[in-house]
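The values are calculated or read from the model by the stated rules, or taken from the named source; none is laboratory data. A quick note: this is a predicted structure, and the numbers were derived from the prediction, not measured. With ideal geometry, Cβ positions are generated from the backbone for all residues, glycine too; neighbour counts draw on all protein chains shown.
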Amino acid sequence: MVREHLPWLEVVRLGHRIDRDRRITSHLGLTARALGADGIVLCGDEDPSIIETWKNVAERFGGSFSARYESKPMAYLKSFKRGTKGRPPGIIVHLTMYGEDVSEALPKIRRDRPVALVVGGAKVPGELFGISNHNVAVGNQPHSEVAALAVALSQWHFSVAIESRFEGGSIRVIPSTDGKKVVDDKNTLDS
Ligand code: SAM
C-alpha cells in the first residue's frame, strides 16, 4: 500500500446508532484502517467501546490510526473544509449512491489537501451534498457503507500508486471508449 505521497485522509462516520450499527460501524473503522486511512471520526451516538476496539487493533497490529468522537459533525466538516490555524483547507468527499461515478470522480480530486471521506448510516443531512466538494457513487444502487468505503479507498490508493510512477511528464492519456484522447500541457489531441 502506497501512503507516503498522500496527505491526511480520515473517514467520517455519520449517524452511528448504538442499538443497531455497532457491528457495521466497527467494521467500517477496521476497513478504513486496513485500507490505508489515517483515522476515523465517529459521529451520531457516542460509543466509547467502538473507539476502544479500533485503538486496540491499531495497537496490536501496528501503524498509526486515530479514532475519536465528534458530537457536531456538520460544524466539524465545515471547519475541516475551511482549514484552521496550522491545518490547510480540506476536501470533503461524500460517498453516496446519488453521486458521480467513483472512477470518474476520484482522478479529479486534488491530492495536496487533507481529505475527509464521509459515509452515512441513517439518512444523511441534505446540507451535506452542498458542503461536499465531491459527491461520489460506487455504482448508483443502494448498498453498504463498508463496501462503498472499501472500493473508494482501494481506487484512491491504486490511482496514486500508479500515477505517482509517472510524475514529471506533460502528456496524459484520458481513457475513452471511442478513440484516442490525449492531453498535454497546452493542447488536447483527439483522434
Ligand atoms: N437509507 C439511507 C439513506 O437514505 O441515506 C441509506 C444509508 S446506506 C446503508 C449507508 C451509507 O452507505 C450511505 O450514507 C453512503 O455513505 C453509503 N452508500 C450506500 N450505497 C452507496 C453507493 N452506491 N455509493 C456510495 N456510497 C454508498
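Points to keep in mind about this one:
- Checked against the criterion of being in contact with a Ser or Thr (Cβ under 8 Å, 6 or more places away or on another chain) and outside any helix (DSSP H, G or I), the stretch 44-63 contains one or more residues that satisfy it.
- If you go through the stretch 82-108 and pick out every residue that is β-branched (Val, Ile, Thr) and within 8 Å of the ligand (Cβ to nearest atom), you end up with 2.
- Within the stretch 98-141, tally of residues that are farther than 19 Å from Gly83 by Cβ, touching a residue at least 12 places away in the same chain (Cβ under 8 Å) and of a type in the set (Asp, Glu): 3
- Lone unmet requirement of (1) touching a Phe, Trp or Tyr at 6+ places or on another chain (Cβ under 9 Å); (2) near the ligand (Cβ under 9 Å from one of its atoms); (3) not hydroxyl-bearing (Ser, Thr, Tyr) for Lys123: (1)
- Top-ranked residue of the stretch 148-191 - restricted to ones that are assigned to a helix (DSSP H, G or I) and touching a Ser or Thr at 6+ places or on another chain (Cβ under 7 Å), ranked as modelled with the lowest pLDDT: Gln155
- Taken as a whole, the condition of being assigned to a helix (DSSP H, G or I), hydrophobic (A, V, I, L, M, F, W, C), surrounded by fewer than 21 Cβ atoms within 10 Å (Cβ to Cβ) and out of contact with any Leu (no Cβ under 8 Å at 6 or more places or on another chain) applies to Leu30.
- Residues that are outside any strand (DSSP E or B), of a type in the set (A, V, I, L, M) and more than 18 Å from Val146 (Cβ to Cβ) within the stretch 66-105 comprise Met74, Ala75, Leu77, Ala105, listed in sequence order.
- Considering only residues in the stretch 130-153 that are aliphatic (A, V, I, L, M) and more than 7 Å from the ligand (Cβ to nearest atom), the one that is farthest from the chain's Cα centre (by Cα) turns out to be Ile131.
- For Val183, the requirement of being surrounded by 13 or more Cβ atoms within 10 Å (Cβ to Cβ), of a type outside the set (Ser, Thr, Tyr) and either under 27 Å from Ile51 (Cα atoms) or touching a Lys or Arg at 6+ places or on another chain (Cβ under 8 Å) (or both) is met.
- Long-range neighbours under 6 Å by Cβ, at least six apart or interchain, first residue modelled with pLDDT of 95 or more within the stretch 47-76, second of a type in the set (S, T, N, Q) and in a helix (DSSP H, G or I): Ile50/Thr25; Ile50/Ser26; Thr53/Ser26
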